[in-house]
Amino acid sequence: LGATGVHAQQAGAGANDLGALMGALGQMMQGGATNAAAAVVDFRELKALLPTELPGFKRTAASGEKSSAMGMTIALSEGRYEAGEGSIDIKMSDYGGTGFATMMAAGWSMQEIDRETETGFERTSTIGGHKAKEQYDSASQSGSTEILVAGRFLVEVTGNNVSAEALKTAVEKIDLAKLAALKK
């Protein structure tokens, strides 16, 4: 082969690699679309799992919805809890077992994280037998905990102007076993 033939062959190999990558991505997306057809739970069931109150905090809002886009359906419930200047938000989402959507929402679940600073931390852990990511900063008194339940539900608890203990207590008030049992 001449120099032109070698370059053409290399370009063809690069195109084949890119084609294989695009094909794999397409299969993943197609698999996600197929999985999205699995029914998500009724958002009202998720909303019913929101605690009516948290120790020292009053629930000031609760809502839920179901939405679809790009072949994926998501059920969602949200609750807001307030005490003085402090607030805690709890959000529960059902991605219907869609691997791609869950991966996008909880990519951290495929990592191990353990980081500390002078004022806080970020780490992956296990809460109630489920993969979780926790972070908190004592300087800003803010933090969050995300929990991936049964590979399809994402629980997000976010606190502002709250102690790490208040955030932990809020997480403990969510019945993760009951949430996992909603899996259809």
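The values are calculated or read from the model by the stated rules, or taken from the named source; none is laboratory data. Quick caveat: nothing in here was measured; it's all calculated off a predicted structure. Every residue, glycine among them, receives a Cβ derived from its backbone with ideal geometry; neighbour counts consider all protein chains shown. To get the accessible areas, we keep the full protein, side chains included, count just its heavy atoms, and leave off ligands, DNA and RNA. Shrake-Rupley method; radii C 1.70, N 1.55, O 1.52, S 1.80 Å.
Listed residues Glu118, Glu156; which is over 19 Å from Lys91 (Cβ atoms) and either open to solvent by 30 Å² or more (accessible area, probe 1.4 Å) or at pLDDT 95 or above (or both)? Residue meeting the stated conditions: Glu118.
Under the condition of being under 18 Å from Val40 (Cβ atoms), surrounded by 13 or more Cβ atoms within 10 Å (Cβ to Cβ) and out of contact with any Leu (no Cβ under 9 Å at 6 or more places or on another chain), the residues counted in region 55-71 number 1. Within region 49-67, the set of residues being touching a residue at least 24 places away in the same chain (Cβ under 8 Å) and either assigned to a strand (DSSP E or B) or charged (D, E, K, R) (or both) comprises Glu53, Leu54, Phe57, Lys58, Lys66. From the list Ser125, Ser138, exactly one residue is more than 23 Å from Gly96 (Cα to Cα), touching a Ser or Thr at 6+ places or on another chain (Cβ under 6 Å), of a type outside the set (Asp, Glu) and exposed (fewer than 15 other Cβ atoms within 10 Å of the Cβ). Which is it? None of the others qualify; the one that does is Ser138. Of all the residues that make up region 133-184, how many are over 17 Å from Gly79 (Cβ atoms), assigned to a strand (DSSP E or B) and free of Cβ contacts under 8 Å to residues at least 24 places away in the same chain? Looking only at that region, the number is 4. Which count do you get for residues in region 144-184 that are of a type outside the set (A, V, I, L, M) and on the phi > 0 side of the Ramachandran plot? The total comes to 2.
In region 94-107 there is no residue that is buried (at least 16 other Cβ atoms within 10 Å of the Cβ), of a type outside the set (D, E, K, R), modelled with pLDDT of 90 or more and out of contact with any Lys or Arg (no Cβ under 7 Å at 6 or more places or on another chain).
Condition test on Gly143, is it over 26 Å from Val40 (Cα atoms), crowded, with 20+ Cβ neighbours inside 10 Å and modelled with pLDDT of 90 or more? Against the criterion (over 26 Å from Val40 (Cα atoms), crowded, with 20+ Cβ neighbours inside 10 Å and modelled with pLDDT of 90 or more), Gly143 qualifies.
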